[in-house]
Structure formats: structure tokens, C-alpha cells
Amino acid sequence: MLSFSLECHPEGGSRWRVYKAADGLRDSSLVAVTLSPRGNVWVKHSNGQVSWLDGFQARSIPVSGIGNFPVYESRSGQIWSVYPDGVMEYRRDQWIQYPVSEIRAENSNALRLLVRPIPLLPAERDHLLAVLPDRLLEFDSGQNRTIVLGWARETNLGRFNDIVEARDGGAWLSGTNGLAKLPGPVRRLTPESRWQEFPVEAAWQVQNLERPFEDDEGGVTVAADLQQGAVKAVLHFNGRSWEPPMPGPGPEKIRYAWRGAEGTVWAASRSTLFKRQGSSWETVQVPGLRTPQYYDAATEPNGVFWLATTEGLVRHSLQTWRVPPECASVKTPVFRMLEDPEGGLWFSGTNGLLALRNGQMQIFKWPEDFPPPAGPTSTLHNAPNGGIIASSAGRVLRFDPRTKRFSPVVHPGGREIRAVIGEFKNGRLCTQTMTRDSPAGFRLETFDGEVFEPFFEPKSDWSLGSELTFLRTTENETLWLGGNLGLALWDGRGQTFMPVITVPQGRAVELIDAGKGRIWYATAHVISEFNGRIWVATRFGAGNIHGMLRTRDGSIWVASGSGLNRFADGSWVANSVEEGMPDREVFDVWQDRRGGLWAATGQGTSLYHRSADLDPPISLAPGEENPKEVYSSDVVGFNFRGRDKWDCTRRDRLLFSHRLDEGTWSPYSGEISTTFTNLTAGKHRLHVRAMDRNWNEEVEPGVYEFVSVVPWFREPRLLAIAACGAIATVFLAWLAVNRHLRLLRSYAEVEKIVAQRTRELERANQELLHSQKMRALGTLAAGIAHDFNSILSIIKGSAQIIETNLDDREKIRTRVDRIKTMVEQGSGIVKAMLGFSRAGQEEKWCDVNRILAETKRLLGDQFGREITLQLQPGAVLPPVRGVGELIQQMLLNLILNAADAMSGHGPIILQTGLLKQAPANLVLAPAARTPLVYISVRDQGSGIAPEVLPRIFEPFFTTKAFSTRRGTGLGLSMVYEIAKEMGCGLMVESEPGKGSAFTILIPASVQTET
């Protein structure tokens, strides 16, 4: 899409656009422009590049060659141009050259090549016409041959100059002395075809007619040389004969001249653009250009022309609302309009009564004692007996077009005529009269131009006030009366007007027949519609309403403070200054008998021209802005936009209508988005069509396809499955809950039993632990008693020997030393007992070998000579962190079990050492994987059976339950619990018949100084 760097410049009914490189052209400097029958515009750039525009975007093709050779497009889409040796066609992304000897010979003149390129006119497919000074050629690219269709020497035209296609399918050929009309269609021209020649009058002394330009009326305008001097003349051929030449604009040599709309003549020289409206030329400065050079021109119907300049491609078009040239002098407000029986148009303005008759505007000043109209309250009417009746501010005048004089309308009864408010079906006027002494009361009277007759006089209960605005008669001959306080309906039985209270109250502005039995009634801000039964407000929000009109096509036009609004097919469309109106304030709208639509504005009058813009816009729903898949339950929005051809209507003023699938079209509006919800599942097609402000609708609406899917949580089959699943789930949940409750009750009973058994077990454990302690203390006490008995017996014997040998000092000294030794031994035993009895739970650094030696000393001769304790301490071992008394207690239990396992005889080996890593076959893993200090208690007893070995650390498990050495089953369990609490490991090695080894693994630590 094009995006123009220079916006549209409306000026004096003209709309100018300049296309440059920023708008998609390959370059801003142009040397040629041609128009295609397919609606495209082709331009040649000064650097040889080629661009073309279709009204919506600009494209380009490769360079066609250096020079100002134009590029032409035929109806079949073939693209042609000239090159020095012939013609060439652009096909399949390349230029194909066809040498033509006649063209090569003509182009051998370099000056001719630069000044006047050989003109071409595409005919049918593979055929085109070429104009040489002495002949008209037809070239057939299929046969690669040329045919001479006509020789210049056989005509009265002199040298041939240029050729253009006529609008009837023929062609216009210009020459030195005149024009020739070639019959159409040009694809059927033969050497035998008859030409119509129109030579210029010799007396005018003009020659060398340039390119002919055909206008909308079928005439032809050309620029020509005057034989006297270097000044150019402009000639116009009206289709039958030549009109006298008009002098060109000054000394500049014009190259092209053409006729625009409404008699305007345009001309272009190399450096200036001229316009002639009336009898004088004026210079035109194209908005957006500074000092352009004009190289080429091309024209279209309806006042459109193109200019190839050094600063861009210029497009000129006319606006749809334009001030007629006859009314251009009126710049003051016009409030009311009227057409007389002879077709003359009359306008009520602030500076007088204006008449447009026979193509001329006349202004008749208001009398000095007549208050000039100052608003839309003034009225204009045709007098039944001829003339114009104007009323304003309580005064009524009659204007006689024959005498061109104003005269007051006088009531024969002396009543004051306040206003003329409407017409009856019989053509009589409805006047409002009042008595001079009673201004509060009024009377409605009919007026036929001569005689007043009473029609209606209100009673004392009259509620609409005395300021009346209109009286209207509808198609069913119903009378409606409007005033400043509302609307009233004529009651034929009561011969009075009855107020209508079901409509918005306020000043009544207008009432019209809307067709199909409907009535539209307007107050200052609201329009209401009566359908025969009820009144309904019609959507309207365009400012103060000044007037309404129903035209012959059935549409309704509303004059308002924001422009002129048209209602048709359910849609409102507004026209204002953007469409060429001289002012935004519109006071009245009128349709003349020829169908012309007029608007009375705050700065004069304006006439509507439908033909000024006939190209429809296009619409687009961009895929990147809209979803391709939506949920049917969601509120889904879609965006769309459009573009008018050549941007005659700005993008922000385009109107859009849409429908979903095969639904009804929505009314046109300026909204560029729409929303849908609760869409059915499946594919959908959103149709969007655009309309410009000249009511050109898009021929092929844009279609956007998307898919609506049902959310998984709303899929019927899934919902059915989910419902069944929910029922099954609820049933199974009920079963699970019921079973769970039963299990909870069972678990509660089991937990109650387990708690009771646990309490019993704890109580048994405490009793057994106490028993173990007592047993250990008893064993310890027996050993100590044994040791002390031995010590005492030695001390006693030594004392007896001393008594009997008092004189033997040596023997006494020996025995005293023996006694001291025994005392020290006893003191050591006491210290060991004190350390055992004062055991606490505080961890400290312990020496394993020392704990082992103290344990052996505690046991002393407990086992007699049958069981011996053999110490095998390891080398220097690192200290361990722990409670030494607990380690000693574990050793006592293991040693006692070992003694029981050997049946009272054999050695018990106590061994210590250091392991770098823990063995694999552990009963209890140590808490740390650092180097381990181990204490091993090994016996040579009966060993433990493999099937019993995994259970030896279980509480109450014993292998001596039925033996003479009955046990409790808590010794090893206590060892396991103590080791677990201290983070130690346990390892058991046993072989039946050979003995067992229990190893305590204690994590070694590095002692740090504090």
C-alpha cells in the first residue's frame, strides 16, 4: 500500500496530490506520463526507470532505456515503449526489442529524438500504432511487419504530430493544419478506413497542433503555434467545428492545453501551470512543489489530469462538493434555497436575495427596513400568483422577478403578517398573522397571493406558544404544525391542532415524508421516526439540525452544524469541508428539478457532483492483527482497515460494513473493529466491505476466514464422559471414604493395642536395664570384693610377720613395701569404681586403649583362671569424641556375652586398631566415613548360627532361653542402641563352633587445641 508523504491539498474545488520517491516511485524526477485503459498510470523517470500506480500502491519494472520515451499499456495488459531502432515490449520480466526500419530512420535525427519522441497507441494484442511525420504505421509484433494506415501527403493535415485514443474507441490525430478523427475501434483500422478531417481556419494563422486532449463533452483542446510571433494559442474543437483561438498566457510557450470541468482551460509550459476560467489566465502554484519543470501531461474524465514534473507526479481531481463558478462571488451565509417554476434557483442570504438563472448569478439587496436573515428561521416560498415570498424576523416581502422589486405583503384586515410557515396541498401558503394590539394571540390563514382566509385560531388552552416554525402536509394529507415548544397534529373533527407529547420536546425544525408510510421529525438535536403506530428516536449525533430533505432516490439528507448528513439503506454518511464544502455549517439542502443537490452553508452555496469520484475503496482484515482460531465461548474482536483509490477519501474517514458468514450486513460506520461471541463451532467467513464519502461501495468485499472451536471443557461428548466419570468417581470415593473410615476405626484399635504393648515394653526395658545394671554392679562388686580380699589377706599376713619380727628391720621394710603396693592397688580399684559410678552423658576426648585397660582392671579376676582377658592394643590411635563410660558399658556387655559363649573357659581377645574405611558387612553403619577406630571382642565359643545372626540385636531375643545359661535378650540390644546414639558402627563375624567377634567402629577425630 502507498503511504504518501504529501497529503491531499484541497483548494478551490481542486484536490492536489504529489507522488514522490517516498510514496513508492523509483525516483521523484519524471519526464513522461501515460494512462492505461486498465486504470493504471505509467511514468518514465529521468534516469530511465519505469514506475506504475494503480491507485493503491506503486510498483516498478526494470529500466526501459535512457530518454523521454513514454511507456504505454494496452487493454490486454501489454507494455510498450520506443527505443532508437524500433519498439519494444516488456514481457516476462524483460524488454523484448522489435527493430522497425521506419522508426530507426526517423530517430536518426538526434534532435527529433530528444524533442518529440515518436507517439504510440496500443491497439489490439500484438498491434500498436506509431505516428511518424509523414505516415501512420501499424506494427504487428506477431508477424514482425508494419502496415501504412495513412500518408500525410494524402490528407490536409500536413505533418503528423501526435495521436491519442478517443473516448468512443477511435483516435484523434493532430497535424500541422488540423485534426483527424479515426474511426473506432482502433484495432480495426485499415488503410481503407475513412478519416474525418477538421482543418483549422487558415485566417486564424495557427499551425503545428500539439497533442489533442478530449474533454467530457466530446470536444478537443490543443495548443498550437501562431504564425505571427512565438506566442502559442489554445484551440478548442467542440465536436462539430473549431472555436476561435484564444491567446496563450503571455510570452511563455505552452506545450500542452486541455479543457477541464465547468469550462476551465488548463495549459502548461515548461516552467508554469496556467488556468483560465472566464477571460483571463492565472498562474497556478501546485501545493507541495517549489520550482518544478513540467515535462508531460495526461487527462482523464471528470476533471482529472496528471503532470510529470521534476519534483514528482502530480494528480489533480475535483472535489465532490464544489462552488459553481457563477456562485464563486458569494462568500456570505446562505440560509434557505428555492426553485421557481422556470427552473431558476433562489437563495436567501445575509446580503440579499440571490438568483441563479440562465447560468448567471444576480444579487438583489434587501430593503433597508427588512431585517436580513440571521439564521435558518427565515423562509422562502413561491407565491401562488408568481414571485418569491421571503420572511424573516416577523417581516414578509414579495419579490417580483420581472420588475426586480421588493414589496411588503399587506393584510387587508390590518393584521400583522409574522411569517409564512408552509404550503397546503392546493398550493396556497400558510401565513401566521397577529393583531397589533394582541401580540400574544395569532391566527393561521391561507394566502393565494391576493386573498387571505382564516384557517385556524387557537383557544385559550393552546400550549405550543406563538412562535411557529413550519406547517407540513404529508402524503396522506395529514397536517403537522411545528413550533418552538413542540409538534402538533391537525384534528379534522375538532378543527384544531392536538399536541404530540410522545416525541422529544423542543423547537421543531422540520418534518418530512420518509417513504413507506414513515414520517421523520427533527428538533434541534434529535430525529424521531413515526411508523404509523409509535415514535422512535433515530440515531443521530451530528450537531444542531437546521433542515431535512428527502430526495428522489429515497435517501434523506440532514443539514446540520457539522456538515451534510445522508441516510440511506440504514447507514449515515456525513459530507463536510473534507469533501469540498465551503463551510462546515450547513443550513439547508435542496434538490433541483434536474436532480442537482445544493447545500446552503455559512460561506455560500455548494453543488454536489457524483461523478467527481467513482472509484470504490478496498478493505482488508490483516491476518497479523486477527486470530485464525478462536474459542466459541470467548468474546472475539476483529480489526479491519481500508484504502480509497487515489485516497480521495482519507483513511480515517472511510466507512465499513461487515457480516458473518451469510448474515445481514451491518450499517456502515467509522468503526474499524467488531466483536463476536457464542460462535458456532467450525469455519467462519468474516466479510468486510468499505465505502468512501461519495457512496462508492467496494465491489468485492474482503473475506477473512477463521475457525471457531469449542473449548474442551464445553465439548458435549467430553462433558458426557466427564459426567459419567464424575458419577463413578463419587461412587468410588464414597466406597473409599467408607472403607477409610472403617480402616481408621481398625487403626485406632490397633494403635490402642500397640500403645499398650509399647508401654509394657518400655516398662520391661526399664526393668531389664535396671536388672542389667544390678547384674553388672554385682559382678563388679564380686570382683572388687575378691581383689580387696586378696589385698587384705596380703596386708594381714604382712602385719603378722612384722609383729613376729620386730627386730628384723629388713624384713619389716620388705613387708611395709608390700603393704604399700597393696594399698596402691586398692586405691586404683577404688578410683576405677569412682569413675564408673560417676558416668555422665557429656562427650569428651577419649583414649580407646586406656578405656580398654580400665575395663580389664575393673573385671580383675572375675572369671578366675579359666577365662583370661588378652589385650592387643593397636599402635598410637587418634582420640575419639564420645562418652567413655558408655563405651565401657558396651565392652562389659560384649565381654560378659563372650564369657557366657565359652562356657566358663578360654581366652577373650580385646583388640583395638585403625581402619581407613568402613568394611562392607556392617550391622550398623557409623555416622561418619572418616577413618575409624575399632574395638574388637573375640571369643572361641560356640558361635552363632547364620539363620539367627540377623536377629541377635532385637530386644528380648536370646539363644540362651532354654539353656543353663539363661539370658534376657537385652545385652546386645543395649549395645546396638548405645552405638546408634553415639554414631558408632557395629560389625559381627561369627562361625558356628569356632567363635564370634563383635567390633565397635568409632569415628576418629582430630583434637584441636582451645
- Counted residues, region 151-177 - those being surrounded by 19 or more Cβ atoms within 10 Å (Cβ to Cβ) and at positive phi: 0
- Condition met for residue 313 (buried (at least 22 other Cβ atoms within 10 Å of the Cβ) and touching a residue at least 40 places away in the same chain (Cβ under 8 Å)): yes
- Taking region 276-301 and keeping residues surrounded by fewer than 20 Cβ atoms within 10 Å (Cβ to Cβ), within 22 Å of residue 613 (Cα to Cα) and either in contact with a Phe, Trp or Tyr (Cβ under 9 Å, 6 or more places away or on another chain) or acidic (Asp, Glu) (or both) leaves 287, 300
- Filter result for the condition that a residue is surrounded by fewer than 21 Cβ atoms within 10 Å (Cβ to Cβ), outside the structural domain of residue 657 (by TED's automatic domain parsing) and of a type outside the set (A, V, I, L, M), over 515, 547: 515
- Among (1) under 16 Å from residue 473 (Cα atoms); (2) assigned to a strand (DSSP E or B), residue 532 falls short only on (2)
- Task: Exactly one condition in (1) touching a residue at least 60 places away in the same chain (Cβ under 8 Å); (2) within 40 Å of the chain's Cα centre (by Cα) is not met by residue 584; state its number.
- Result: (1)
- Item | Scope region 853-877; condition modelled with pLDDT of 80 or more and of a type in the set (Asp, Glu); matching residues | 854
- Query: Out of the residues in region 793-852 that are of a type in the set (Ser, Thr, Tyr) and within 30 Å of residue 935 (Cα to Cα), which is modelled with the lowest pLDDT?
  - Reply: 837
- Determine which member of the set 965, 938 is modelled with pLDDT under 90 and of a type in the set (Lys, Arg). 965
- Message: Here's a check for you: in region 474-485, which residue that is touching a strand residue (DSSP E or B) at 6+ places or on another chain (Cβ under 8 Å), at pLDDT below 95 and farther than 18 Å from residue 394 by Cβ is surrounded by the fewest Cβ atoms within 10 Å (Cβ to Cβ)?
- Response: 475
- Which numbered condition residue 314 fails, given (1) outside any loop (DSSP other than H, G, I, E, B); (2) in contact with a Gly (Cβ under 8 Å, 6 or more places away or on another chain): (2)
- From the residues in region 457-466 that are in contact with a strand residue (DSSP E or B) (Cβ under 9 Å, 6 or more places away or on another chain) and surrounded by fewer than 16 Cβ atoms within 10 Å (Cβ to Cβ), which one is modelled with the highest pLDDT? 457
- Would a scan of region 611-625 turn up a residue that is out of contact with any Pro (no Cβ under 8 Å at 6 or more places or on another chain), in a strand (DSSP E or B) and either assigned by TED's automatic domain parsing to the domain that holds residue 216 or over 30 Å from residue 716 (Cβ atoms) (or both)? yes
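The values are calculated or read from the model by the stated rules, or taken from the named source; none is laboratory data. Every value quoted in this text rests on a predicted model; they were computed, and no experiment measured them. Here the Cβ is made from the backbone with ideal geometry for all residues, glycine too, and neighbour counts use every protein chain on show.
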